[in-house]
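Undergrad: The structure under discussion is supplied below as structure tokens; questions concerning it will follow.
Only the coordinates and a few stated rules stand behind these numbers; no lab work does. A quick note: this is a predicted structure, and the numbers were derived from the prediction, not measured. Cβ atoms come from the backbone with ideal geometry, glycine included; neighbour counts cover every protein chain shown.
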Amino acid sequence: MSEHASMYPWPQGKTSAAFISIDVDADTPMLWRQRAAPQPKYLSEMEQRQYGLRAGIANLVAVLGRHGVQATFFVPGLVAARNPELLPGLLENGHEVGLHGFAHEATRDISTSEFGEALERSLAVFVAQTGRKPDGFRAPGWELTRDMHALLGRHGLYDSSLAGHDHPYTLDGVTELPISWSREDTTRFKITGLDARWAPTSPVVVLEEWLFDWEACAQAGGLFTLTLHDWVSGRPAPLRVLDALLARIRQDETAWIATGAELAAHDRRLPPDARASVVSTRD
Ligand SMILES: [Zn+2]
């Protein structure tokens, strides 16, 4: 069992890794919140969110393309079903597509069987549109119960919703690509109205923060998972943050920039004694 991040065996002489992930939420979290209403009444947040599909995703794909970086886009089944060109387009650009609930169901609002139904419905959409089963899953809101987590394992999916290590690990038999709230854009940039709980952070500050975080993570030999959202980070100033961050990471030849599927496959190929394998704490 590896207790230190620096002990994690990255491939081909690499000593750290970066995982660029984009959650294509579009309007689904808002629709889920307002699911009891016949239709959303107000336009303000809806229009902010529509920006992602109108422009944000294409902008993000363009910046990634300039750096030759392949990312993983986690897409709710409903967003894919309503935009049938989305998944094939992302795959054509060399990116990975992964699952992110069907209607971006908040996992605290649903039962295990509802979670399972959303997973099956999403898998059907992904298989119909791309011809294959996706490799990975990310939970809306980064929350899961043990039973939901076990269902991911039964489907052979990797998960990227939890944060129990600085590098890939196996939790209760499921490959985990750890996330981080400190490398996430909505807590910095997302303001949907006057009732916002915080002011937007300057992109200049966020860039400095993420560069600092990258350097600390790389030195510790860990996995730097960045989580962006189509409608938040697809705008000009946050795009510059991504552009500068990728330029910095790419300067480091010992950094492996990989998709979730590549990271999970690497971790699963490691001999059992080189893998960080843990069981969740139980009462
Ligand atoms: Zn989401």
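Undergrad: Can you list residues whose amide H is under 5 Å from Thr175's amide H, if they're 5+ apart or on another chain and H is modeled 1.01 Å from N?
TA: Correct list: Asp159.
Undergrad: Could you pull out every one of the lysines with an alpha carbon less than 26 Å from that of Lys190, ignoring same-chain neighbours closer than 8 positions?
TA: Lys41
Undergrad: Next question, about the same structure. Please get the size of the charge dipole for the chain, origin at its Cα centre, with Cβ charges of +1 on Lys and Arg and -1 on Asp and Glu, quoted in debye to the nearest 20.
TA: Working: 27 positive and 36 negative charges, 97 e Å.
Roughly 460 debye, rounded to the nearest 20.
Undergrad: Would you kindly work out the equivalent ellipsoid of segment 163-283 from its C-alpha gyration tensor and give its semi-axes, the square roots of five times the eigenvalues, largest first in whole Å? Let's see the in-between values first.
TA: Numbers: eigenvalues 173, 72, 28 Å².
After scaling each eigenvalue by five and taking roots: 29, 19, 12 Å.
Undergrad: Over the C-alpha atoms of segment 1-115, what are the Rg and the largest Cα-to-Cα span, Dmax, in Å?
TA: 17.6, 56
Undergrad: Specify which residue in the list Ser277, Phe137, Trp231 is farthest towards the positive end of the charge dipole of the chain, using unit charges on the beta carbon of Lys, Arg (+1) and Asp, Glu (-1), about the Cα centre.
TA: Of Ser277, Phe137, Trp231, it is Trp231.
Undergrad: Of Val97, Thr259, Leu86, which is farthest along the charge dipole of the chain in the positive direction, counting Lys and Arg as +1 and Asp and Glu as -1 at C-beta?
TA: Leu86
Undergrad: Now a separate question. Using a 10 Å cut-off around each Cβ, can you sort Glu114, Glu253, Glu105 from fewest to most neighbouring Cβ atoms? Numbers along the way, then the final one.
TA: Numbers: Glu114 14, Glu253 9, Glu105 22.
In order of increasing Cβ crowding within 10 Å: Glu253, Glu114, Glu105.
Undergrad: Of the peptides 18-24, 50-56, 93-99, 207-213, how do they stack up when ordered by the mean number of other Cβ atoms within 10 Å, highest first?
TA: Numbers: 18-24: 26.0, 50-56: 18.6, 93-99: 21.4, 207-213: 16.0.
Most protected by this proxy first, the peptides run 18-24, 93-99, 50-56, 207-213.
Undergrad: Would you work out the charge dipole size for segment 57-125 about its Cα centre, treating the Cβ of every Lys and Arg as +1 and the Cβ of every Asp and Glu as -1, and quote it to the nearest 20 debye? It would help to have the intermediate numbers written out before the result.
TA: Details: 4 positive and 8 negative charges, 50 e Å.
So the dipole magnitude of segment 57-125 works out to roughly 240 debye.
Undergrad: Test of understanding: extend the Cα→C-beta vector of Thr130 to 7 Å, then name every residue of segment 149-168 with backbone N under 19 Å from that spot.
TA: Those under the cut-off are 152-162.
Undergrad: How long are the semi-axes of the equivalent ellipsoid of the chain, taking √(5λ) for every eigenvalue λ of the Cα gyration tensor, in whole Å from largest down? Write out the running numbers ahead of the final one.
TA: On the way: eigenvalues 153, 113, 64 Å².
They are 28, 24, 18 Å, listed largest first.
Undergrad: Got the relative contact order for the chain handy, in percent, Cα pairs under 8 Å and 6 or more residues apart? Before the final figure, lay out each step's value.
TA: On the way: 501 pairs, mean separation 90.2, N = 283.
Normalised by residue count, the contact order of the chain is 32 percent.
Undergrad: Now a separate question. Given a Förster distance of 25 Å, report the FRET efficiency between Leu91 and Arg197 from their Cβ-Cβ distance, rounded to the nearest 0.05.
TA: Values: r = 37 Å, r/R0 = 1.47.
Efficiency at R0 = 25 Å is approximately 0.10.
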